[in-house]
1. Examine region B:58-74 for a residue that is crowded, with 20+ Cβ neighbours inside 10 Å, in contact (Cβ under 8 Å) with a residue 12 or more places away in the chain, in contact with a Pro (Cβ under 6 Å, 6 or more places away or on another chain) and among the aliphatic types (A, V, I, L, M), and state whether such a residue exists.
2. So if I check each of A:Ala49, A:Ala23, A:Ala69, A:Ala27, which one is modelled with pLDDT under 95, of a type outside the set (D, E, K, R) and in a helix (DSSP H, G or I)?
3. Filter region A:261-300 down to the residues that are within 22 Å of the chain's Cα centre (by Cα), hydrophobic (A, V, I, L, M, F, W, C) and part of a strand (DSSP E or B) and list them by number.
4. Have a look at B:Pro189, B:Pro177 and point out the one that is surrounded by fewer than 24 Cβ atoms within 10 Å (Cβ to Cβ), under 14 Å from the mean Cα position of the chain (by Cα) and more than 9 Å from chain A (Cβ to nearest Cβ).
5. Just one of B:Leu97, B:Leu87, B:Leu152, B:Leu119 is closer than 15 Å to B:Asp183 by Cα and either buried (at least 23 other Cβ atoms within 10 Å of the Cβ) or touching a residue at least 24 places away in the same chain (Cβ under 8 Å) (or both); which is it?
6. Working only within region A:191-237, note down all residues that are among the β-branched types (Val, Ile, Thr), closer than 24 Å to B:Arg163 by Cα, within 14 Å of another protein chain (Cβ to nearest Cβ) and in contact with a strand residue (DSSP E or B) (Cβ under 8 Å, 6 or more places away or on another chain).
7. If you take the residues in region A:124-153 that are touching a residue at least 24 places away in the same chain (Cβ under 8 Å) and small (Gly, Ala, Ser), which one is nearest to the other protein chains (Cβ to nearest Cβ)?
8. For the condition of a type outside the set (Gly, Ala, Ser), part of a loop (DSSP other than H, G, I, E, B) and either surrounded by fewer than 22 Cβ atoms within 10 Å (Cβ to Cβ) or touching a Gly at 6+ places or on another chain (Cβ under 9 Å) (or both), what is the one hit in B:Val43, B:Val31?
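The values are calculated or read from the model by the stated rules, or taken from the named source; none is laboratory data. Fair warning: this is a prediction, and the values are worked out from it, not measured in the lab. Every residue, glycine as well, gets a Cβ built from its backbone with ideal geometry; the counts of neighbours run over all protein chains shown.
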Amino acid sequence: ASTLVVAEHEGGLVKPSSLSALAAAEAIGKYNKVSVLLGGSGPALHKAADHAASSHPLVSEVLVADSEALAHPLAEPWAELLRSVQLKGGYSHVITSSTSFGKNLLPRAAALLDVSPVTDVTAITEPRVFVRPIYAGNALCTVKYTGEDPCMMSIRSTSFSPTTDAMSESKVAPITQVDLSFLSEGTIGKSTWVNLTSQDTERPDLANARVVVTGGRGLKSAENFKLLEQLAEKLGAAVGATRAAVDAGYVPNDLQVGQTGKIVAPELYMAFGVSGAIQHLAGMRDSKVIVAVNKDADAPIFQVADYGLVADLFEVLDELLKKIPEKK
Amino acid sequence: MKILVAVKRVVDYAVKVRVRPDRTGVETANVKMSMNPFCEIAVEEALRLREAGAAAEVVAATVGPAQSVDTLRTALAMGADRAVHVLHDPDPARPLLPLAVAKILRAVTLQEKPGLVILGKQAIDDDCNQTGQMLAGLLQWPQGTFASKVILDKEKQKATVEREVDGGIETICLDLPAVITTDLRLNQPRYATLPNIMKAKSKVIKKVTPEELIVDIRSDMEVIEVNEPPKRKAGVVLSSVDELLNKLKNEARVL
């Protein structure tokens, strides 16, 4: 097998979700030859390429597409890039992570290549047999891809742990520049990037945090979410929210955990005032340890929680804030 | 300008689905079916654009078996002007894939010539999140996926779309014609009123088949089996914060 991993980068490093995509490439085959595709422009791109070159023992080549047209995650030029790289490289598999970037790009590129991709792969049992959740994770579907190459997929990064194998100094993959002559008028230029408004936060990324504390409608206000943030601070945790809390305007949308929000699988997931709708459980059911605090003893969240406290969440938060020592 | 909206009939979002004993899929017989919630948001957005004068006509389309006509009737009762039903009887072992649906919708788009196509970002049954992006790619149109706000500029023929992405809200600008897929916070879909439900009965639903549209609907995916997810072990209810901290430290070892 030969696999193309479409990677994302930030601050000169390959993102953890893309390192998970490399782990998925390894799950396809131990002798898989892996090419990593990185795009964008500027020095951070080339720093990330250096990182990619030594990011996994199977990486045999890093392809760098350096162009202003790729500086922003617009699907139109990126899909053309992916098609062009695939037609040249003839890979058997193409992998992205199920991030908003991957979800936006992969199906468009697949349509250009006339193949059907597999969304949200959580396990690879054979090179062309995959497990993926359907119905918000209430069922797991095993599918076999029977089409032409490439077999394209997006993977759930929470299901594939990045390798921790030490890379030998000598084994650094070569970096090649991608021929960008395919970038012309046509589909490119029909869309323009305007801006990204994000909440700058010092806390770890929700999708990759070791601990996640989540609030639901029970938090009652944006003000009260600050209490959760204090707890997160102490635990080195990320803050998450239910759809109800986001819709009520307590927190921005990018904190939503669930079927249509972020999928998380931290070592510790603490849910405060979360009832446990199936759409929310879909986003956190693979967490290692789940703690639920809710006044309502019948809340469905208690059916998946390892430890439950039927109590007033504000009293519990107060006590936790007093009793948990400051994170060093 | 015309807006085409694609809608899908799925198991109602409030139904707790059960995997069939023979593990070929989930139980859909005698289960409440509804319009996919993201498609409702798509219909609502098209209607609001028409009501704001940005569009003249809203056409709803679906691909599915005879019963899918109910979903089109819902769209018509919400206010869509007419509908197209592409008839297809599904085979559970070889489900119709998003690529085939996108090809069918491309054919419908080429016939209807809308200035904008709006779809839900994903269907809550297969959770694929592919069709809108594929349709945009096949048409070589720009795409605005996971939209939480859409502003149309009729004169400049542009759509400004705010998108819900991992890092926050991204704003992009698209030349029309374009494809937009809806996220949860784009709008609150309206309920169909009884008079409008009655009125919808006389609205036109055109029926076609994939063969008539000359679309190849081959499936490159075989469903091998469908299983229940592993059950979590029943947890314990604790009596105090101290007990919780003790368990997290000494039993689960996560603190």
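1. For region B:58-74, residues crowded, with 20+ Cβ neighbours inside 10 Å, in contact (Cβ under 8 Å) with a residue 12 or more places away in the chain, in contact with a Pro (Cβ under 6 Å, 6 or more places away or on another chain) and among the aliphatic types (A, V, I, L, M): absent.
2. A:Ala69
3. Result: A:Leu268, A:Met270, A:Ala271, A:Val289, A:Ile290.
4. B:Pro189
5. Result of the check over B:Leu97, B:Leu87, B:Leu152, B:Leu119: B:Leu119.
6. A:Thr192, A:Val194, A:Thr197
7. Filtering region A:124-153 for residues that are touching a residue at least 24 places away in the same chain (Cβ under 8 Å) and small (Gly, Ala, Ser), the one nearest to the other protein chains (Cβ to nearest Cβ) comes out as A:Gly147.
8. B:Val31
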